[in-house]
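Asker: The structure's right below; bear with me while I get my questions together.
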């Protein structure tokens, strides 16, 4: 591990800044798209590809990028992703047309895929497993703060300087942390470990195809007249996934190591993150349209209704380490799942005359529940993953966090179309009750996490095989 305090501080700075910049980029782009469309004389479908192209690229490559970090070092891969992200962002700000913007957004997504798993892989190699919760909570709090500041900062920049300024926003921090990461000396790993982290090109191709087609199909599904294209993409994703399963069973060095996927905390953490991010994003999608189209609030006023969500995410992240020490991962995750599900149910009761208090209460519950689940599940994934596969674990965590929102929004849009009578009024529709059921799926996942008092991977001490066999939750690093 990168044991020197100075190296750990630099690693934490890189991880927190990198994750926050990617979160900020996603929120500010939404506000920039209308101005981008007008300035470049683009169509709605073309502008949509500035988001879809990025999502497909990043979802396709996250696990492969994590594997590259396991093989070549997470700090190196993070530096390459950060510097590439900075270069792509600067190029988008100078792009002459919509075609160039879409192409560069795909490049930016590929660089983001290199960056994101490394933000967790670096922490896993820098901190002992029993000290990971606090740095992960700091990272999550920074993401929440960036998500809260994004709409306000993006709106101010677009109004004052135009859409190109939002892409320049992320250039200085990603450039700085990319260079900073190169100053951290990563721990040396033995040659056999590097070899085991090596190639499975066919597995990488099949996984990229399965995830890319899945995200493309989910993003396309809600659009009128796109059901056929979405069905083809989803069928292609299922075929690629089946081929991947067959290939991974036979591969001598599979892309998805069995030692990683066999751990119950890892699988449970991924399931909790997928369900939580789907429920959160789908709920925000429905409620945002309700506030703007039914209650006729402007974007800023609608955003302020959700301010309690961002505040509770930041404050909740700071409380998560204490909560996990008191309740254990299982108790903390159950608390988060209950809060998230209750928040969706509160918002599901909103009618056309609902006020700011009801919306704010639901948003606060969403924020508190989601951040608790995110910190707890992420800590479980990273802590219980073997250190040799920390990058793949980070890639899977980020894949869940990127696939869940597409799934949640697609489900919400589909239910809004199937139950048109309720419009966007939550109390008259089926979308939010269905998303509450999705949020409730975090509860059985939470039950598979270690209980209070369960000891996770140690700090290098070995135990007799008989004792290890009675604790199947922990995959040693």
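Asker: So, R0 is 56 Å and r is the distance between the beta-carbons of residue 149 and residue 235; what FRET efficiency does that work out to, to 0.05?
Answerer: 0.90
Asker: Now for a different question. Compute the distance in nm between two label points, each set 7 Å from the Cα along the Cα-to-Cβ direction, one at residue 250 and one at residue 361.
Answerer: Placing both labels 7 Å beyond Cα along the Cβ direction yields 5.9 nm.
Asker: Counting only C-alpha contacts under 8 Å and six or more residues apart, can you give the relative contact order of region 204-254 as a whole percent? Walk me through the numbers on the way to the answer.
Answerer: Numbers: 43 pairs, mean separation 20.8, N = 51.
Here the relative contact order equals 41 percent.
Asker: Expressed as a rounded percentage, what relative contact order does the chain have, with Cα pairs under 8 Å and six or more residues apart?
Answerer: 23
Asker: Now for a separate question. Can you tell me how region 150-298 classifies by the Cα gyration tensor, rounded, prolate or oblate, using a/c under 1.5 as the rounded cut?
Answerer: oblate
Asker: Give, to the nearest whole percent, the P(r) tail of the chain beyond 42 angstrom, counting all Cα pairs. Intermediate values should be presented prior to the final figure.
Answerer: Values: 12756 of 113526 pairs.
Distances greater than 42 Å cover 11 percent of the Cα pairs.
Asker: Within a 10 angstrom radius of the beta carbon, how do 49, 163 rank from fewest other beta carbons to most?
Answerer: Lowest to highest Cβ neighbour count: 49, 163.
Asker: If you wrap region 256-451's Cα atoms in a convex hull and average its projection over all directions, what's the area in nm²?
Answerer: 10.6
Asker: Going by average Cβ density within 10 Å per residue, which order do the peptides 14-24, 231-241, 164-174 take, highest to lowest? Show your work: numbers first, answer last.
Answerer: Values: 14-24: 24.1, 231-241: 16.4, 164-174: 20.0.
Ranking the peptides 14-24, 231-241, 164-174 by packing returns 14-24, 164-174, 231-241.
Asker: Can you put 283, 140 in order, fewest other beta carbons within 10 Å first? Could you put the intermediate results ahead of the total?
Answerer: Values: 283 30, 140 26.
Placing the least packed residue first, the sequence is 140, 283.
Asker: Let me ask something else about it. Taking every Cα atom in region 362-418, find the radius of gyration and the maximum pairwise distance Dmax, and write them in Å.
Answerer: 14.7, 47
Asker: Just round it to a whole percent: the fraction of Cα-Cα distances in region 1-183 exceeding 23 Å. Working shown, then result.
Answerer: Numbers: 6572 of 16653 pairs.
Pairs farther apart than 23 Å: 39 percent.
Asker: Sticking with this structure for a sec: Between residue 72 and residue 418, what is the FRET efficiency for a Förster distance of 41 Å, r being their Cβ-Cβ separation, to the nearest 0.05?
Answerer: 0.30
Asker: Highest mean first, how do 66-77, 328-339 rank when packing is the count of other Cβ atoms within 10 Å averaged over residues?
Answerer: 66-77, 328-339
Asker: With n ≥ 4 as the cut-off for DSSP H runs, can you work out [θ] at 222 nm for the chain, using -39500 (n - 2.57) per run divided by the number of residues, rounded to the nearest 500?
Answerer: After summing the helix terms and dividing by the residues of the chain, the value is -26500 deg cm²/dmol.
Asker: Another one. Can you tell me the length gained on complete extension of the stretch residue 301 to residue 91, counting 0.36 nm per residue apart and subtracting the Cα distance?
Answerer: Using 0.36 nm per residue and subtracting the Cα-Cα distance, I get 72.3 nm.
Asker: State, as an integer percentage, the relative contact order of region 1-183 based on alpha-carbon contacts under 8 Å between residues 6 or more apart.
Answerer: Working: 272 pairs, mean separation 78.7, N = 183.
Rounded, it is 43 percent for region 1-183.
Asker: Counting only Cα, what are the radius of gyration and maximum Cα-Cα distance Dmax of region 335-436, in Å?
Answerer: Answer for region 335-436, Rg first and Dmax second: 16.6, 54 Å.
Asker: Could you work out the equivalent-ellipsoid semi-axes for region 315-368, taking the square root of 5 times each eigenvalue of the Cα gyration tensor, largest first, in whole Å?
Answerer: Result for region 315-368: semi-axes of 27, 11, 5 Å.
Asker: With r defined as the distance between the Cβ atoms of residue 242 and residue 160 and R0 fixed at 45 Å, what FRET efficiency is calculated, to the nearest 0.05? Walk me through the intermediate numbers first.
Answerer: Values: r = 51 Å, r/R0 = 1.13.
The computed FRET efficiency comes out at 0.30.
Asker: Kirkwood Rh over alpha-carbon pairs of region 204-254, then Stokes-Einstein at 4 °C and 1.567 mPa s: what D in µm² s⁻¹, rounded to an integer?
Answerer: The Stokes-Einstein estimate is 114 µm²/s.
Asker: Report, to two decimal places, the Cα Rg of region 84-154 normalised by 2.2 N^0.38 Å (N = number of residues).
Answerer: Numbers: Rg = 15.9 Å, N = 71, 2.2 N^0.38 = 11.1 Å.
Against the empirical 2.2 N^0.38 Å value, I get 1.43 for region 84-154.
Asker: I need the peptides 272-280, 153-161 ranked by packing, meaning the mean over residues of other C-beta atoms within 10 angstrom, with the highest value on top. Write down the numbers at each step before the final one.
Answerer: Details: 272-280: 27.9, 153-161: 15.6.
Going from most to least packed, we get 272-280, 153-161.
Asker: If you line up the Cα atoms of region 100-191 on their principal axes, what length do they span on each, largest first, in Å?
Answerer: 50, 29, 21
Only the coordinates and a few stated rules stand behind these numbers; no lab work does. Just so it is clear, the model here is predicted, and its values are computed rather than measured. All Cβ positions, even for glycine, are placed from backbone atoms using ideal geometry, and neighbour counts span all protein chains on display.
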